[in-house]
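Here, each number is a calculation from the coordinates, and none is a lab measurement. Because the structure is a prediction, the values reported are computed rather than measured. Every residue, glycine as well, gets a Cβ built from its backbone with ideal geometry; the counts of neighbours run over all protein chains shown.
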């Protein structure tokens, strides 16, 4: 398997564990709609949380969360709209980013950014 795919899977597993320990219920993982994939869909306090996980081995090109650009946010919002429709969810939603940065020794820092963005209407 390509190394970057393995890194991504490792990051998603760490993010899922983090959310579960923080009391979130995991509803779905790697949920796709069209060209978008939502890494983790969680639920806590009557809020559906759409979570994008970004994992990197360095920050020379920016922090992991910097890679959730406007295009990605729009795709996530479109997928979230479909998920909300399918689940008939009437409550609040939130978009989070979990950024994971590994060092050369295999240690990592996990940064859970709640309410990281709100996609603009298109």
Test result for residue 61, out of contact with any strand residue (DSSP E or B) (no Cβ under 9 Å at 6 or more places or on another chain) and under 17 Å from residue 11 (Cβ atoms): yes
Residue tally, condition in a strand (DSSP E or B) and either over 13 Å from the mean Cα position of the chain (by Cα) or farther than 13 Å from residue 83 by Cβ (or both), over segment 44-59: 7
